[in-house]
Every structure is written in structure tokens, then in C-alpha cells.
Amino acid sequence: MTERAKTASAPPTARAIQPEPRPEPHDLRAPLWVVRGRMDRGRYIAFALASFFGLLILWELVAAAGTINPLFLPGPLAVVRALIAWWQSGDLWADIGISVWRVMAGFALSAVIAVPLGLYIGAYQPVRALFEPIMEFARYLPAVAFVPLVLLWFGLGESAKISLIWIGTFFQMVLMISEDTSRVPMAQIEAARTLGASNSEIVRLVLFRSAMPAMLDTLRITLGFAWTYLVVAELIAANSGLGFAILQAQRYLQTDKIFVGIMLIGIIGLITDQVLRRLHKFLFPWLP
Amino acid sequence: MTARVVLQSITKTFPGGFEALAPIDLALEPGSFTGIVGASGCGKSTLLRIIAGLETRSAGRILIDGEPVAGPGRDRTMVFQDYSLYPWLTVMQNIRFCRTLAVHARNATDSDIGDATRRSVALLNLMGLARVEHAYPKQLSGGMRQRVAIARALMAKPAVLLMDEPFGALDAQTREVMHDLILHVKSAEKRTIIFVTHDVEEAIYLADRVVVLAPHPGRIDTIEDIPFTARHRDLRLDPAFLTLKRRITDRIRATAGLSGDLDDLKTLTAPAG
């Protein structure tokens, strides 16, 4: 009490030797360089765009410097010209269309089997014992090495491409879906059981519903695998599609067209990924 | 609506030979509230899970109103500590979850369905959840979530309500509110309740009878009848309450094999020389 009174009535000279108060930091936003720090959306987009355009400018500079033969590295403008030429030739949409169709067919065929199988592997130990070790083994079989077999079995038709995409995605997908199912909290299952749920009700009403968002994520990730194997399939045995166009371009040394093909696949992948992310938010508004 | 629960020589030995429960014999009167406490590893949760049918027993019988039971059943519903709500269902849909199951829909008449609707609304009000009827669990606080879990378990009209540390993840203030809510539920619903907790005070405040389990292997150490009739916040500070709390805590300490740790502590804190 007396201490405080003394400090309050201290003479002005005592106050003068106190250090200047630190200036308020005018930027009150969270610092950027903190492990697991925060970043607002605007700055995130700014950084992302900077990296994208930075790469583009770097590419143009290297190409324009003329030290590298344009046959090996065409500049961005050459690539855009190649895209326009492809479009004008009338093949662009047909090539994109057939490739998307193949990916979707192979991917859907995988998903239709992998989702129920993965769900049952995650639900019942006997099903797990029956299928999981086989899937773990099959997952390491190199899909690309199946090309000769696939050609032998299915010839050069559409089924060859679709089955190669299936081989490349199915086994991974089954294991990831079973993992998604295994991660459903035990308390959710046991609560249903004490309320009188049968096994099939637990699978249908709890496991599947609870794992759905994770399953959609798994499908989004494995869709990327499907595109990889599409290109493999089309490089080897096709007369249409983006992968085929890339191979044709290589034969005629149209490096710029190879670039266009690669980027188109990248852009299609990016768009589907964004669509699926939106769908995720729309379908599962209850997620924390 | 409520049932007499008899446990006859329940034992549990896990594969590998770990003896979790030595023979447990216990009879619970209809409408009674039993608190089970004990040192960690005493098998109190295992015992509750065996009664629920979620864990198999090695020997013994469980009788509900004289009928032996095997496996889980809707006559014994359970409230878990956490993560048991269905996040994709709203509060009301969670409470009514059991109505979507075949066992509850079988032979249901129109009047049953009407009763169920009335009951779900009554439970919603009893638990003070009317305002959040259409909210998803993610929008609720921990205490509110546990209220939904309790309402969901009661919706099945169980003869026995099993609670496994239902407030273990809540903060102290929310817990006290939940305690009074549970006492209110007990008087409104008149179910036989078995409540497992590590919190001695919670057990005394809520239960008619507190069973102390001793570990290695899990067995009944003491049974304390709780004499208090009026349960009110002030009871927690009542000398008789504190004496009882002290006695039960001492039993848990004595059975837990903590004396070694306490001796170590004494040598560490003893004045030098």
C-alpha cells in the first residue's frame, strides 16, 4: 500500500530516466515464419501465384536466352502456339474426351469393387485375413510390367487401357479404403452395438457413414494414380488420347506439343481435384 | 423399466494369462445408482464392458431380472467418455438413432412410434438440448455432447444405464452441472445405473452405493453405502462427506500399491542430514 503510494507520487525526474516505451508494432497480423503458424487466405493466394508466375518467367528467360536449343526446351509462347495449332487441327477435344473417358471407366471400375471390399476388410477380421495380405502383395506388382500381358489378354482395344488403369489403382484403393474404415472410432461402433444394432446395421449406418468423407478423399487421391496409368496405357497401345498425342509429338520432334500434352493432363487433374474438394465440403457440412 | 442386476462370479483372464478380474459377486437393486471406483488397472472399465456385453467374460453369469444375458443388448445401453456421437447426425437424429435399428422398429405399432416421438422430445427437454435440436455435434461443447450421448442411451429405454467415465473429459465446472443433471435424470427416469469413475467425489455425490475395486487381479475391496439423502453443492463440503471421501481415497491408495511411491517421495522431501 505504502509502496504503491510512493511510486505513484514519484518526482518527474525519476520518470524521465525510464526507457522510452516501445513503439507499438503496426503490423498486428500473425507472423508468417512460425512453425505451424497461420496465414490468411489472401497472402496464401499471393504466394501461390508468385511461385506459379515466377516459374513461368524463369522458363521464358531461360528459353529466350537462346543457350538451350528450342528443340529441347521450347518457350512458353511456343507452347501456347502449339496448343492453338492442336485446337485448330480439331483433335484437341477428341483427345481430351477419350482420355477422360478411359480414366473414368478404369477408375469407376476400381471404385465399384474397392469401396465395398475395403469397407468389409475394415469391418470383419476374417475378410481382412482373406484379402489384405493378397492386396499388400498385389500393390507391389508393377502395373507397367503388366502391359505385355494386358496386350496379350485384351488386344489393342479400349479394354486394354481400362484394365491397365484398373491394375494401377485398384489394389492401392482397396487398402486405403480399408484403412479409412479402420479409423472409425471404436466408441461409435460400440454405442451402436449397445443400442441393439446388428452387424450389418453397424456396417451400413455407422462404418460407412462415418468413413465416407475419408473415402471420398481416398478416391480423390487415387484418381491421380489413374491419370498416371492412362498415359502409360496410351503411350504403348493407342491411336487417340492425350498420351498418344504426346508419343506422336515425340516421333515428329514437336517438343512444344509434348509440353502441351503434359500440361493439359496437369490442368485436368487440378480441376477435378478442386471439384472433388468442393463436393467434399458440400456433402459433409457436419465435419469439424 | 428398471431391473435388478446380479453378477455371479464374473472373472476375466485376458489371452496371455493376465488376470483382470477375480470372481466378482454383486447384486444391484432396481433403480439403484452404483458408483465403481478404484486405482487404474483395477478392471473397473472391464467389468462395466462385460456387463454391457462389449467384452467377453471368462466365467460367471449376469442376470437381469433373473434372466441370464449374453452379448450386448438394448436393455443395457452405455455412455462412453468421448467420440461416441455420430457427427453426421443432428442432435435429434443422434438421440433417435436407436429408432433406425431393426430391433426397435420390429413389431412397432403406430402408438409406439408416437410414443417414441414424444419420448425423444421429452429427453431433449430433460437434457436441456431443445435449443440445439438441429445442431451437429461439432457445434456443441463437450458437456452438451455428453448430454446428447446420455439422451441417446436413454432413448432405447434400457433397464440398466452403464456409464464409463462419462465426464472424464469435461472441465470441473461443467462436471458439477452434469452431476446435478444426472441426479435429475435418475429421479425422472428411475433406471438402474452403474457408473464407473476415477473421481471419488463424483462417485459419492451421485451414487447410493460406492464399490471400491482393488487391482491385480480386480476384485471388490469395500462397499460403502452412501447415507446422504439431499444432494446439493454444499454436500461436497459437508464434514461427513469429506470423511467418507477420505476413507475411500485411503482404500484406493492402500490397494493401488502406491505406498512405494509415497515412501520415495518422503525420502526426497526429507530435510537433509
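The values are calculated or read from the model by the stated rules, or taken from the named source; none is laboratory data. Being a predicted model, the structure only gives us computed values, none of them experimental. Please note: Cβ atoms are built from the backbone with ideal geometry, for glycine as well, and neighbour counts cover all protein chains shown. To get the accessible areas, we keep the full protein, side chains included, count just its heavy atoms, and leave off ligands, DNA and RNA. Shrake-Rupley method; radii C 1.70, N 1.55, O 1.52, S 1.80 Å.
Details
- Residue check, B:R57 more than 14 Å from every other protein chain (Cβ to nearest Cβ), open to solvent by 20 Å² or more (accessible area, probe 1.4 Å) and charged (D, E, K, R): yes
- For the range A:267-288, the criterion of being more than 27 Å from A:A78 (Cα to Cα), within 14 Å of another protein chain (Cβ to nearest Cβ) and at pLDDT below 90 is met by at least one residue.
- Only one of B:L85, B:L47, B:L28 that is within 15 Å of B:A153 (Cα to Cα) and either open to solvent by less than 40 Å² (accessible area, probe 1.4 Å) or within 14 Å of another protein chain (Cβ to nearest Cβ) (or both): B:L85
- Of the helices (runs of 4 or more DSSP H) lying entirely inside the range B:119-232, those containing at least 3 residues that are under 14 Å from the mean Cα position of the chain (by Cα) and within 14 Å of chain A (Cβ to nearest Cβ) are B:142-155.
- Which numbered condition B:M163 fails, given (1) assigned by TED's automatic domain parsing to the domain that holds B:K190; (2) over 26 Å from B:E29 (Cβ atoms): (2)
- Test result for A:S178, part of a helix (DSSP H, G or I) and surrounded by fewer than 17 Cβ atoms within 10 Å (Cβ to Cβ): no
- Residue match in the range B:93-108 (condition: touching a residue at least 60 places away in the same chain (Cβ under 8 Å) and either open to solvent by less than 30 Å² (accessible area, probe 1.4 Å) or more than 13 Å from chain A (Cβ to nearest Cβ) (or both)): yes
- Test result for B:A52, modelled with pLDDT under 90 and either more than 10 Å from every other protein chain (Cβ to nearest Cβ) or crowded, with 18+ Cβ neighbours inside 10 Å (or both): no
- Test: residue in the range A:101-116 that is farther than 29 Å from A:I265 by Cα and aromatic (F, W, Y): no
- Hits in the range A:62-90 (condition: aromatic (F, W, Y), open to solvent by 70 Å² or more (accessible area, probe 1.4 Å) and in contact (Cβ under 8 Å) with a residue 12 or more places away in the chain): A:F72
- Scan of the range A:138-160 for residues that are open to solvent by less than 30 Å² (accessible area, probe 1.4 Å), modelled with pLDDT under 90 and closer than 21 Å to A:L219 by Cα, ordered by number: A:A143
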